[in-house]
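Visitor: Here it is: the structure, laid out below.
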Amino acid sequence: MVTKNKYIPLIIGVAIAAGVIIGGRLNFTDSSDNLFSTNSKKDKLNRLIDYIDYEYVEEVNTDSIVDVTVNGILNNLDPHSSYIPKEDLERITENMKGNFVGIGINFYPYKDTIAVVKPTEGGPSERAGIMSGDRILYANGDTLYGRKIDNEFLGEKLRGEKNSKVNLTVFRKGEDELLEFEVKRKEIPIKSIDAAYMLTDDLGFIKMNRFAESTYKEFKYALEELKDLGATKLVLDLRDNPGGFLGIAEQIADEFLEDDKLILFTRDKKGKEERVYATSKGDFEEGEIYILINENSASASEVIAGALQDNDKGIIVGRRSYGKGLVQREMALGDGSAVRLTVSRYYTPTGRSIQKPYVNGSNDDYYNDYYKRLRTGELADEESIEVDDSLKFTTPKGKVVYGGGGIIPDVFVPVDRLFDNETINYLRRRGHFGYFVFEELDKDRTIYQDISKYDFINNFEVSDDIVVRFQEYVNKRERTNITFVAYNDEIRRIIKATLARQLFDDNAFEEVINKEDIMVQEVILLSSEHPHFIQD
């Protein structure tokens, strides 16, 4: 039974939100007894903050007090209700919108200049003639070299209003004089689809990194391209996809499910339910579908996996997903910040909640669940997955599925050594592979100019000398003495994939990685074993 005391943090959270928006006035002739005599929690908090601002012995940033208070309240509700400060909201909103206005380059602050790693394909910089390896020295006459590079400063100089122009002065190796380019700023997509290509003659592959406003449109385009290439089967890779907009996940699930199939339902604290069903617009209802998930596949990723699994559609491959079954709604607070508040739970078609347990809001155990899975052996052995028989559900065709902590796949695949190595993951997070490869290419790009994408992916081999140089590069920058003897092959594979990305595109990166990706290879095997895959 839920007691009223459990709702006190939520009431206070709403009060704080209102207080930030409308503020408050305080008569400072009030005594401290009168100050807190009102029954309104909103008034208490507003008056307290104003009292501190007016009377406290030292200057205090009351904005920071509000931030701390709001965070404290939300942290006691659940792990996913969150406060977004105004300095972060624009970046987060931009990322979820799926585009920004700029000149379209991926750059690297190399030594004392802005080095172009690769211009965005079809973007304004590429159309203007900017090339990989170019150094941007000036933007509208403002110097961009010889100083500590600051991302905020660069943003001011390179971004701007749509269709506005910026004059760039560029140094290019092999040219006797500096080059001048006029670039018209355009909307630059922040891609949700990392790659889309054919694994076999009839098996397509799409890798999705989040569910943003633009994701469904990107997905539909990629799906149609693959169908034109002969795809009657599809791998949708949702590994490490943390989720995003629920409505986008519903649209994508609809592409695979027949008319009127239940995708999910939500339930709020009053018990009100909203049900979402598949429509007639699905373009891959007859196709064979495989969903790849892992321990970092969350939220909207789990919506799709759960909807298909509970409707006996396709095969879920990988490891148990994250376990986020809560739905948030964003509310602006009027000062440029916002709150994302959990407003309901979602349930898969069989009625299961896949939200993993949490106590008293956010806690270390909740966020350290990965290490528990690692410690118990779950990431390497399917038999180590803990299930709760009281949360057992059955699909229409009789398959047993479980709630209470993520989606358990139909086909288990243990963790890949490439992605379960702390040293390699650290090097990837630090950007060492990308920076090293840029510097290698920058020595002489003509070495690779006659190699086609196909030949590179299938025939190019990274030499031992390159691996040794990478080891020296890392040790110099990390001031350590790392050796790669134990995982030399994995290092070689990531260097080759990164070369492919900088020489060609993101598809090339995934194609190199997936040639030895054990989960992708498992799907190719499953697909070949079921050439007459039939679903009803």
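The values are calculated or read from the model by the stated rules, or taken from the named source; none is laboratory data. Nothing here was measured: the structure is a model prediction, and the numbers come from that model. Cβ placement follows ideal geometry from the backbone for every residue including glycine, while neighbour counts extend to all protein chains displayed.
Visitor: What are the residues in region 80-104 that are in contact with a Leu (Cβ under 8 Å, 6 or more places away or on another chain) and either in a helix (DSSP H, G or I) or not hydroxyl-bearing (S, T, Y) (or both), if any?
Guide: Here is the first cut: in region 80-104, the ones in contact with a Leu (Cβ under 8 Å, 6 or more places away or on another chain) are 80-83, 102-103.
Hits for region 80-104 are H80, G102, I103.
Visitor: For region 367-406, give me each residue that is among the hydrophobic types (A, V, I, L, M, F, W, C) and modelled with pLDDT of 90 or more.
Guide: First pass over region 367-406, keeping only residues among the hydrophobic types (A, V, I, L, M, F, W, C): 374, 379-380, 385, 387, 391, 393, 400-401.
Result: L379, A380, I385, V387, L391, F393, V400, V401.
Visitor: Follow-up. Go through (1) closer than 20 Å to Y108 by Cα; (2) in contact (Cβ under 8 Å) with a residue 24 or more places away in the chain; (3) hydroxyl-bearing (S, T, Y) one by one and return the number of the condition T423 breaks.
Guide: (1)
Visitor: Follow-up question, since we're still on this one. Out of all the residues in region 361-394, which are in a loop (DSSP other than H, G, I, E, B), among the polar types (S, T, N, Q) and either surrounded by fewer than 11 Cβ atoms within 10 Å (Cβ to Cβ) or free of Cβ contacts under 8 Å to residues at least 40 places away in the same chain (or both)? Give the derivation first.
Guide: From region 361-394, those in a loop (DSSP other than H, G, I, E, B) are 361-363, 368, 377-381, 385-388; that's our starting set.
Those still in the list that are among the polar types (S, T, N, Q) too: 362-363, 368.
Hit for region 361-394 is N368, nothing else.
Visitor: For R320, indicate whether it is without any contact (Cβ under 8 Å) to a residue 24 or more places away in the chain, within 25 Å of K397 (Cα to Cα) and not hydrophobic (A, V, I, L, M, F, W, C). Write out each step before concluding.
Guide: Numbers: without any contact (Cβ under 8 Å) to a residue 24 or more places away in the chain: no; within 25 Å of K397 (Cα to Cα): yes; not hydrophobic (A, V, I, L, M, F, W, C): yes.
For R320, the condition - without any contact (Cβ under 8 Å) to a residue 24 or more places away in the chain, within 25 Å of K397 (Cα to Cα) and not hydrophobic (A, V, I, L, M, F, W, C) - is not met.
Visitor: Tell me which of these K191 doesn't satisfy, since it passes every other one: (1) more than 23 Å from the chain's Cα centre (by Cα); (2) under 25 Å from V512 (Cα atoms).
Guide: Every listed condition holds for K191 apart from (1).
Visitor: Scan region 111-156 for residues that are more than 22 Å from D506 (Cα to Cα) and either under 27 Å from the mean Cα position of the chain (by Cα) or in contact (Cβ under 8 Å) with a residue 60 or more places away in the chain (or both) and jot them down.
Guide: Filtering region 111-156 down to residues more than 22 Å from D506 (Cα to Cα) leaves 111-113, 135-156.
Those that are more than 22 Å from D506 (Cα to Cα) and either under 27 Å from the mean Cα position of the chain (by Cα) or in contact (Cβ under 8 Å) with a residue 60 or more places away in the chain (or both): I149, D150, N151, E152, F153, L154, G155, E156.
Visitor: Do any helices (runs of 4 or more DSSP H) entirely within region 442-534 hold 2 or more residues that are of a type outside the set (S, T, N, Q) and in contact (Cβ under 8 Å) with a residue 60 or more places away in the chain, and if so, which?
Guide: Details: elements: 453-459, 464-478, 488-503, 506-514, 518-529.
The helices (runs of 4 or more DSSP H) meeting that bar are 488-503, 506-514, 518-529.
Visitor: With (1) modelled with pLDDT of 95 or more; (2) more than 23 Å from P409 (Cβ to Cβ); (3) touching a helix residue (DSSP H, G or I) at 6+ places or on another chain (Cβ under 6 Å) as the list, and S344 as the residue in question, which single condition is left unmet?
Guide: (3)
Visitor: Name the residues in region 153-176 that are of a type in the set (D, E) and within 20 Å of P119 (Cα to Cα), would you? Reasoning before the result, please.
Guide: Of region 153-176, the ones of a type in the set (D, E) are 156, 161, 175-176.
Once the filter is applied, which keeps residues that are of a type in the set (D, E) and within 20 Å of P119 (Cα to Cα), region 153-176 yields E156, E161, E175.
Visitor: On to the next question. For region 217-258, give me the residue count where each residue is farther than 19 Å from Y347 by Cβ and either among the β-branched types (V, I, T) or not assigned by TED's automatic domain parsing to the domain that holds G406 (or both).
Guide: So the count comes out to 2.
Visitor: If you don't mind, another one. Is it true that some residue in region 309-319 is within 24 Å of the chain's Cα centre (by Cα), assigned to a helix (DSSP H, G or I) and modelled with pLDDT of 95 or more?
Guide: yes
Visitor: Would you pick out the residues in region 64-79 that are touching a residue at least 12 places away in the same chain (Cβ under 8 Å), out of contact with any helix residue (DSSP H, G or I) (no Cβ under 8 Å at 6 or more places or on another chain) and part of a helix (DSSP H, G or I)?
Guide: Within region 64-79, the first condition is being touching a residue at least 12 places away in the same chain (Cβ under 8 Å), and the residues that meet it are 65-67, 69-71, 73-79.
Imposing the further condition that a residue be out of contact with any helix residue (DSSP H, G or I) (no Cβ under 8 Å at 6 or more places or on another chain) reduces the set to 67, 71, 75, 78.
Result: D67, N71, N75.
Visitor: Applying the selection to region 329-353, what residues are closer than 19 Å to A212 by Cα, buried (at least 18 other Cβ atoms within 10 Å of the Cβ) and not hydroxyl-bearing (S, T, Y)?
Guide: Listed by number, the residues that qualify are A338, V339, L341.
Visitor: If you don't mind, there's one more thing I want to ask. Only one residue in I65, I103 is in contact with a strand residue (DSSP E or B) (Cβ under 7 Å, 6 or more places away or on another chain) and not assigned by TED's automatic domain parsing to the domain that holds Y435. Which one? Quick ask: steps written out before the conclusion?
Guide: On the way: I65 fails: in contact with a strand residue (DSSP E or B) (Cβ under 7 Å, 6 or more places away or on another chain).
Checking each option against the conditions leaves just I103.
Visitor: Next question. Quick check on K162: is it surrounded by 21 or more Cβ atoms within 10 Å (Cβ to Cβ) and not hydrophobic (A, V, I, L, M, F, W, C)? Please lay out each step first, then the result.
Guide: On the way: surrounded by 21 or more Cβ atoms within 10 Å (Cβ to Cβ): no; not hydrophobic (A, V, I, L, M, F, W, C): yes.
Answer is no for this residue.
Visitor: Okay, next question. Kindly indicate whether Y358 is crowded, with 20+ Cβ neighbours inside 10 Å and of a type outside the set (V, I, T). Write out each step before concluding.
Guide: On the way: crowded, with 20+ Cβ neighbours inside 10 Å: no; of a type outside the set (V, I, T): yes.
For Y358, the condition - crowded, with 20+ Cβ neighbours inside 10 Å and of a type outside the set (V, I, T) - is not met.
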